[in-house]
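The values are calculated or read from the model by the stated rules, or taken from the named source; none is laboratory data. Note that the structure is a prediction, hence the values are computed from the model and not measured. Here the Cβ positions follow ideal geometry from the backbone for every residue, glycine too, while neighbour counts run over all protein chains shown.
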């Protein structure tokens, strides 16, 4: 008998949790995107899933989803070997099609919400979430259907102007996390720069390679460290705070130069 694929097992467990938590017909489509579809999962990659539903969730349904997903996602020894932290974003079909900006999600689950979940608090559903524009673009580009209807049937293409607008709108909140989540923020900034300059949404390590070839020598070391750690080639070391800040500000300037007026139509 061939060895079982732990990621396929985990995807099956997530789908089962969703179907158990929700009434029949509410799930319109579930999709895999991110590293698992692009260049392959890295050592610390999350398992990225995106779902489209027919209406907004009730609080009881949200609690049921979170209660099921947390069992598949936890980072401790209770999670089966080979399984990954899950990031799940759920949007309402009629709130993303026809496409409009800014979009919103109805529920998002990720390990950064663990403390709130442990205290019984539901992840908040914001009035708007610019990041959904980037997620929809990746979901449509990845074209990996897990359940329901194809992404192209449920998700309109996001205009390039709205992708650029979303990147611009996300930068301030991203920089707020620079000190606490340095590696991820540096890699995300590299991906943003790559996207505005090329129109492509690349993997984090692919974006880092692109950015490193264009950075001045003084701004390369912190991104090189982040990329090596992401690939599992080294452990995260202590980042030099001044170098990180200078690098981030340089990349933000480059993003603005690559697309100087992201809010114009």
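Couple of notes before you dig in:
- Criterion applied to 219, 259 was being at pLDDT below 95 and either buried (at least 19 other Cβ atoms within 10 Å of the Cβ) or within 23 Å of residue 41 (Cβ to Cβ) (or both), and the one residue passing it is 259.
- For region 57-73, the tally of residues that are touching a helix residue (DSSP H, G or I) at 6+ places or on another chain (Cβ under 8 Å) and crowded, with 16+ Cβ neighbours inside 10 Å stands at 10.
- Hey, residue 150 within 15 Å of residue 52 (Cα to Cα) and more than 13 Å from the chain's Cα centre (by Cα) or not: yes
- Yes/no for residue 41 being buried (at least 19 other Cβ atoms within 10 Å of the Cβ) and assigned to a loop (DSSP other than H, G, I, E, B): no
- Conditions (1) touching a residue at least 24 places away in the same chain (Cβ under 8 Å); (2) within 20 Å of the chain's Cα centre (by Cα): number failed by residue 64: (2)
- Scanning region 84-98 for residues that are more than 9 Å from residue 52 (Cα to Cα) and in a strand (DSSP E or B) turns up 86, 87, 88.
- One residue from 193, 210 being touching a helix residue (DSSP H, G or I) at 6+ places or on another chain (Cβ under 6 Å), under 17 Å from residue 133 (Cβ atoms) and at pLDDT 95 or above: 193
- Evaluated against (1) outside the structural domain of residue 71 (by TED's automatic domain parsing); (2) more than 17 Å from the chain's Cα centre (by Cα); (3) part of a helix (DSSP H, G or I), residue 117 falls short on exactly one condition, (1).
- Whichever residue in region 132-146 is touching a strand residue (DSSP E or B) at 6+ places or on another chain (Cβ under 7 Å) and in a helix (DSSP H, G or I) and, among such residues, is farthest from residue 84 (Cα to Cα): 132
- Any hit, region 196-204, residues being crowded, with 20+ Cβ neighbours inside 10 Å and modelled with pLDDT of 95 or more: no
- All told, residue 228 falls short of being closer than 28 Å to residue 36 by Cα, touching a helix residue (DSSP H, G or I) at 6+ places or on another chain (Cβ under 7 Å) and surrounded by 12 or more Cβ atoms within 10 Å (Cβ to Cβ).
- Flag if residue 223 is closer than 28 Å to residue 14 by Cα, touching a residue at least 24 places away in the same chain (Cβ under 8 Å) and not in a loop (DSSP other than H, G, I, E, B): no
- Considering residues of region 231-242 that are surrounded by fewer than 16 Cβ atoms within 10 Å (Cβ to Cβ) and in contact with a helix residue (DSSP H, G or I) (Cβ under 6 Å, 6 or more places away or on another chain) only, the residue modelled with the highest pLDDT: 231
- Conditions (1) in contact with a strand residue (DSSP E or B) (Cβ under 6 Å, 6 or more places away or on another chain); (2) crowded, with 20+ Cβ neighbours inside 10 Å; (3) under 24 Å from residue 9 (Cα atoms): number failed by residue 105: (3)
- Taken together, the criteria place residue 173 among residues that are free of Cβ contacts under 8 Å to residues at least 12 places away in the same chain and within 19 Å of the chain's Cα centre (by Cα).
- Among the conditions (1) free of Cβ contacts under 8 Å to residues at least 60 places away in the same chain; (2) surrounded by 18 or more Cβ atoms within 10 Å (Cβ to Cβ); (3) out of contact with any strand residue (DSSP E or B) (no Cβ under 9 Å at 6 or more places or on another chain); (4) assigned by TED's automatic domain parsing to the domain that holds residue 56, residue 129 misses just one, which is (3).
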